[in-house]
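Reading through the structure tokens given below for one structure.
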Amino acid sequence: MNSPATRQRSGPPATDVLEAAVRLLRRAPVATLLLHAVGSVPCLLGVLYFVADMSRSALAYERLEVAALGMALLYLWMKCWQAVFAARLRALLLEETPARWTFARAFRLVAHQAVLQPLGLLVRPPALLITLPYVWTATFFHNVTVLGDGQPRSLRELCREAGAQARLWPRQAHALTFLLFLFGLFVVLNVALTLVLLPQLARMFLGIESAFTRHLGGMWNATFFTAVLAGAYLCLDPIRKAAAVVRCFHGSAVRTGADLEVQLRALRPSLAQAAALLAALLLAAGGPVARAGTPATPTAVEPQELGRSIDSVLARREFSWRLPRGEAPEKEQELTWLGKARRDFRAWLGRQAWTVGRWVGRTVRKISDWLSPDRSTPDLARGAWDWRGATLYLLYGLLGVALLLLGVMIFRARRRLRLAPVAAQAIAAVPDLTREDVTADQLPEDGWLRLARDLLERGELRLALRASYLAGLAHLGQRELILLARHKSNRDYDRELRRRARGDAELVATFDRSLRAFEQSWYGDHEVTRASLEDFTRGLERIRAC
């Protein structure tokens, strides 16, 4: 156990700080926890929208400045509410009533957080590259959140106090950061698994089909990873802020003795209850003496009655563990018919098992005696040739040959599997063009063209038109002008081609005409004729030539 002097130099262990932080969060009312959510949830949703918009929209650069300004305001909003959340936790830890909010206090809180917290976004990445100073840097800005609660102090005093708390107990700070990092890895893994499994569970139990269930690989993008990190931050940050509150409390208690005041406040109700209980006991003990005036004489107890009382007390359940272990006889009158049947069945099973075991033992012994030579009989009486010993040796030899053959068979089978793998021949399945879930990546371009010619010969012009259109999509996908996916619509392909082939106006215009002709015939009432199909095929050839 650490001495008080050592504890003052190195601070409480990091595990104790985390435990105190979790207890503090469990004691906090729901309104206090909602303060953190009010600040963090809008900012995290803004980050999610910002990343999705900037990574997918082709015109994102036009609204980049406005979006960045909005994110800055949301970040400041989050930090201010986190400071209010930390102030509530600090008042709860000190067993005090939270201070009232005034306009001056709110203005000081917003000003301090607006000046200092944005610097953390600029200072933390270089500190993370240097690795070691990151702990001091991150701890400083967490302390700014805890200490910058709008109390009357200047910005210089806030920085000085936050820096002193960050430099205090570096071993504890590094251990706390390491433990939270390990815990955060498991939180990230759980959030990621939850986001992956939710669409699958919705399809299994509710029948809700979505783009994530049709194409699982579409989830692995920047938006998904941003959502995972946002969910992990929302789960982990309250613990980190509570740990910063506990750490600042212990750091300031070294000078102010606030921890002793909190312990004394906690002891006052206990001391009052103990004093009331002691007074009640004294009154109860002194009441009979004051009324009688003489001490009460003890009442004589018969030995038989005393013995029965002791036996009844020892027979209680709470004292049975002190008695010596032994086999308690069953009382026949306490057994029901089911208990008697179970007891008789166990006894019968025991007798049968003993009989079978004895028979097996006698049989094994007889076989052993029959196979083993009798050493007490002279060699002349057994004859010149010991047939029982020869039989035993023959059995041993056959067993050895069988094991050898089994080993050779296993070796050959493994060698055949390793050296001569089964050659699997891929059989191309012809897609059913009448189904709506057919995609262009199910066949190559030549395969779709052959299927279109076969359908044309059979007179199925509408299906031949769809096969030709899918051939065009497969050709564009092979040229990497579009990315084929099950969840994409025709308009998605059109927008993607416009973005990637922005300089080839002829290709975009030809694809638009082909798409319009296909949708009018497949989804509309336009009749497909051989002339219109030949015109569509010429458009496909122009797409291939562009």
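Every number in this text was worked out from the coordinates using simple rules, so none of it is lab data. Remember, predicted model here, so these are calculated numbers, not experimental data. For neighbour counting, all protein chains shown are included, and Cβ atoms are generated from backbone atoms with ideal geometry for every residue, glycine included.
Here Leu306 and Thr336 are evaluated by their C-beta separation; at R0 = 25 Å the FRET efficiency comes out at 0.10. Apply the a/c threshold of 1.5 to the C-alpha gyration tensor of the stretch 4-265 and tell me whether it is rounded, prolate or oblate. Here the stretch 4-265 falls in the prolate category.
For the stretch 173-259, pairs of C-alpha atoms spaced more than 18 angstrom apart make up 59 percent of the total. Once you sort the root eigenvalues of the Cα gyration tensor of the stretch 165-219 as a ≥ b ≥ c, which label holds: rounded (a/c under 1.5), prolate (a/b larger than b/c) or oblate (the other case)? Cα axes put the stretch 165-219 in the prolate bin. Going by neighbour counts of Cβ atoms within 10 Å, the residues His487, His475 line up, fewest first, as His487, His475.
I want the local charge near Val245. Using Cβ-Cβ distances under 11 Å, sum +1 for each Lys or Arg and -1 for each Asp or Glu among the other residues.
Net charge around Val245: +4.
If we count other beta carbons within 10 Å of each Cβ, what is the order of Trp101, Trp354, fewest first?
Trp354, Trp101
Arranged from fewest to most other beta-carbon atoms within 10 Å of their beta carbon, Met219, Met204 become Met204, Met219.
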